[in-house]
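Quick notes on the structure that follows.
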Amino acid sequence: MVSRPAPASAALAPMTGDGGPPGFDAFGRAVLEDVRDAVFLQDAEGAVRWANPAARALAGEAAPRLNPVAETSGHIEVAGRRHPARVCALPGGWHAWTVPAEEVPQRHVGDFLAQAGPRLATAHGRHGTARVIAELAASALAETVFVLLPTTRGRWEWWSCERPAAQGHGRIRRVPPQAAPVLAATFGATGRPQFAPVPAAEVATLPPVVADRFAGHADVSVVSLGPNVGAGVTGALLLGRRADPDFGAEQARAVVEFAKAAGTALANAQRYARQEEATRGLETTLRPVDPPELDGARFETWYEPAGGVLAVGGDFFDVLAHDDGSAFLVLGDICGKGPEAAALTGRVRHALTALAMVERDGRTLLRLLNELLIAGGSSRFATLVLGTARPSDGGVGLTLASGGHPAPLIVRRSGVVEEVTVPGTLVGISPQARFAEAEVRLERGDVCLLYTDGITEARNRHDQSELFGDDRLRSVLAAAAGEPAREVVRRLRQAVRDWLGSSAHDDIAVLAVECAD
């Protein structure tokens, strides 16, 4: 009889196909799954091909080495430790190696909880967390596990796991409290989880998808998953065992402590889901929308906030069509980034949207916004360029006013890049702020580019002290002269991304106005 260490990835997997010794059928596998002795099956070539749960617990992550001493005895070496074993010859040259239960180290509750903690902490969402709870419970607390959580329309959502690894998920009708009093009491329990046996008659009242899976189990119990009143979570963990508990006299403590950790993980998942929903709702109201269609003019945008919790930042743009065929346009940059800058961005955008309905003069709009920001008491300021685009006579007239913002650039079809000089002070700093206005005209094929300093201050991926800068921006635009606004913005975006590489960047916003046919 020969032996060699078994590959951990294959040797200790449960046998489910036809690869076992002759006569090793489903009945034999089921019997060995439930015995407390550790049983390894070795093929005629000396490789371990199967191990029952006790054997897998004994081996852990190590590859067991089976060393014969006599025809019917030997020892199994795992991670440097030797365990005496009985050896029994099977048909086809196979052998069964059995380590008596008293020689198998009993699992420790602390070790199980220490292993379960990181997996619970890294589970994602309600569904993912419930699935992990079922998997962990089935690995140590029971052979069959159901996680039950209340859902809509008088139903329960369930996640199941059965040894060795069969999983399930679905929804069932809720059973009335009078038919399942133990389960009902568990769902309503808060505080320290209570571990209670479920009578066979009550198990039988559950929908067949649950009740049938507990047939033949020696013991079915339930424990609450609601950690406390404030957590907003109610649920139950159903556990079915066919064999003796893995933790012996410590089984009840193992179940209760695991239920506490599982309930906390569910509460955290639910809390995170609520926060994520609120965040997505906030983003929806703050994120710029695509510009409207305008006869004679096309708009192209690029919006890329700095990385963070919110997918919005302090940069913004808006284009609002007027009934007379013109459009109000604005691009701005709120000092800072992240949630606080995004919140002020929302205030500024909403204020300008309202003001632009009754006021067309850009200087007046900036003056009113300046007064609003100062009166609001914010320590943050803004830079903006805003104005009106008015298609006429085959071209587009732009009236632009600026509050301390980088000068707009005109990319002429001829290849010339012109700067639109519009002096103005920062918005939200001083009551004495002054703003100017300029008028330019775009002819067919010309593009006006409004942008934030996230472009010019982008840092080189190789040398963080080197900025993209104004000269490089003008060079990219000149090379794209004569192209439609979409291509101009695409080339600029590619150039900046190549410059940045994987480096972090500030918020970026670009609004291009093209005089189109």
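Applied to segment 75-88, the Karplus parametrisation 6.51 cos²θ - 1.76 cosθ + 1.60 on θ = phi - 60° returns per-residue 3J(HN,Hα) values of 9, 10, 9, 10, 6, x, 10, 9, 10, x, 9, 8, 10, 10 Hz, with x for Gly and Pro. Computed 3J(HN,Hα) for segment 348-360, one whole-Hz value per residue from the Karplus formula 6.51 cos²θ - 1.76 cosθ + 1.60 where θ = phi - 60°, is 5, 4, 5, 5, 5, 4, 5, 5, 5, 6, 10, 9, 9, glycine and proline marked x.
Could the peptides 293-299, 445-451, 243-249 be put in order, highest first, of the mean number of other beta-carbon atoms found within 10 Å of their residues? Mind showing how you got there, number by number?
Details: 293-299: 17.3, 445-451: 24.9, 243-249: 15.1.
Sorting 293-299, 445-451, 243-249 by mean packing, highest first, produces 445-451, 293-299, 243-249.
For ARG412 and ALA30 in the same chain, what is the full-extension length gain: residue separation times 0.36 nm, less their Cα-Cα distance, in nm?
Numbers: separation 382, 0.36 × 382 = 137.52 nm, distance 8.00 nm.
Fully extending the segment from ARG412 to ALA30 adds 129.5 nm.
Full extension of the chain segment joining SER475 with ARG491 gains 4.7 nm, where the gain is 0.36 nm per residue of separation less the Cα-Cα distance. Its Cα centre serving as origin, segment 410-517 has a Cβ charge dipole (Lys and Arg +1, Asp and Glu -1) of approximately 240 debye.
Each of ILE410, THR425, PRO53 was placed along the dipole of the chain (beta-carbon charges, centred on the mean Cα), and the one lying farthest toward the positive end is PRO53.
Between ASN52 and VAL39, the built amide H atoms are under 5 Å apart, and every one of these is 5 or more places off in sequence or on another chain.
Do any chymotrypsin sites (Phe, Trp or Tyr not before Pro) in segment 95-180 lie in a DSSP loop with no more than 14 other beta carbon atoms within 10 Å, and if so, which? Don't skip to the answer; put the middle values down first.
On the way: sites: TRP97, PHE112, PHE146, TRP156, TRP158, TRP159; in loops: none.
Loop-located and lightly packed - none at all.
Take each peptide in 388-400, 132-144, count the other Cβ atoms within 10 Å of every residue, and average; sorted highest first, the result is 132-144, 388-400. Judged by the mean number of other Cβ atoms found within 10 Å, the most tightly packed of the peptides 198-206, 508-516 leads the ranking 508-516, 198-206. In this simple spin-label approximation, ASP361 and ALA273 carry label points 7 Å from Cα along the Cα→Cβ vector, and these lie 5.5 nm apart. In this simple spin-label model, placing a label point 7 Å from the Cα along the Cα-to-Cβ direction at both SER430 and HIS124 gives a separation of 5.0 nm.
Here r is the Cβ-Cβ distance between ALA504 and ALA185 and R0 is 51 Å; the resulting FRET efficiency, rounded to 0.05, is 0.45.
Between the amide H of ALA85 and those of GLY74, HIS75, ILE76, distances stay under 5 Å, these residues lying 5 or more places away or on another chain, with hydrogens modeled in the peptide plane. Remark: segment 122-136, residue by residue, has Karplus-estimated 3J(HN,Hα) of 9, 5, 10, x, 4, 5, x, 5, 4, 5, 5, 4, 4, 4, 5 Hz, where x stands for each Gly or Pro and the curve is 6.51 cos²θ - 1.76 cosθ + 1.60 at θ = phi - 60°.
For an R0 of 41 angstrom, estimate the FRET efficiency from the Cβ-Cβ distance between GLN115 and ALA201 and round to the nearest 0.05. Before the final figure, lay out the partial values.
Details: r = 36 Å, r/R0 = 0.87.
Computed FRET efficiency for GLN115 and ALA201 comes out at 0.70.
In the list (i) 309; (ii) 149; (iii) 233, the label attached to volume of the Cα convex hull per residue in Å³ as derived from the coordinates here is (iii).
Computed from the alpha carbon positions, the gyration tensor of segment 109-278 leads to an equivalent ellipsoid with semi-axes of 22, 20, 15 Å, biggest first.
Stretching the chain fully between ARG155 and ALA70 yields a gain of 24.7 nm (0.36 nm per residue, less the alpha carbon separation).
If you put +1 on each Lys and Arg Cβ and -1 on each Asp and Glu Cβ, how big is the dipole of the chain around its Cα centre, in Debye rounded to 20? Present the calculation step by step, with values, prior to reporting the outcome.
On the way: 52 positive and 61 negative charges, 288 e Å.
With only Lys, Arg, Asp and Glu charged at Cβ, the dipole is about 1380 debye.
Throughout, read-outs are computed from the coordinates displayed, never taken from laboratory work. Everything quoted here is computed from the prediction, not taken from an experiment. For neighbour counting, all protein chains shown are included, and Cβ atoms are generated from backbone atoms with ideal geometry for every residue, glycine included.
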